[in-house]
Amino acid sequence: MHKGIYLTINLWIEAEDEPAHDFAKYTLQALPEIIAAGRWRHPWLKVTIKKIFEDTSWNNEVEK
């Protein structure tokens, strides 16, 4: 039986980076590669990223 599931995951990604470097753009591009690199542990699971975006909603909570 073929099964599927949608999961919502919040990730906090951090690293040392140059001030002028677009960290959000870099991490958005790197995340699919990071996920694919871990696939060797569960090769029978196919992971397809449907949507990936920067969540800036936490900025509103900090400013309150």
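Since every read-out is calculated from the coordinates, none of them should be taken as a lab result. Just so you know, these numbers come straight off a predicted model, no measurement behind them. Neighbour counts are summed over all protein chains in view; Cβ atoms, including those assigned to glycine, are modelled from backbone coordinates with ideal geometry.
Lysine pairs, Cα distance under 29 Å, 8 or more residues apart or cross-chain: how many in the chain?
8
Using the crude model of +1 on Lys and Arg Cβ and -1 on Asp and Glu Cβ, and no other charge, please compute the dipole size for the chain relative to its Cα centre, in debye to 20.
That gives a dipole near 780 debye.
Could you list the GluC sites (Glu not before Pro) in region 1-59 that lie in coil according to DSSP, counting only those with at most 12 other Cβ atoms within 10 Å of their Cβ?
Glu14, Glu16, Glu54
How far apart, in nm, are the 7 Å Cα→Cβ label points at His42 and Ile5?
Going by the 7 Å Cα→Cβ label model, 0.7 nm.
At 0.36 nm per residue, and after removing the present C-alpha to C-alpha distance, how many nm does the segment from Ile34 to His21 gain when stretched out fully?
2.7 nm
Identify, among Trp40, Thr27, Ile13, the residue whose Cα sits farthest towards the positive end of the charge dipole of the chain, taking +1 on the Cβ of Lys and Arg and -1 on the Cβ of Asp and Glu, with the dipole about the Cα centre.
Trp40
Can you tell me the orientation of helix 23-37 relative to the chain, as the angle in degrees between its alpha-carbon axis and the longest Cα principal axis, to the nearest 10?
The answer is roughly 20 degrees.
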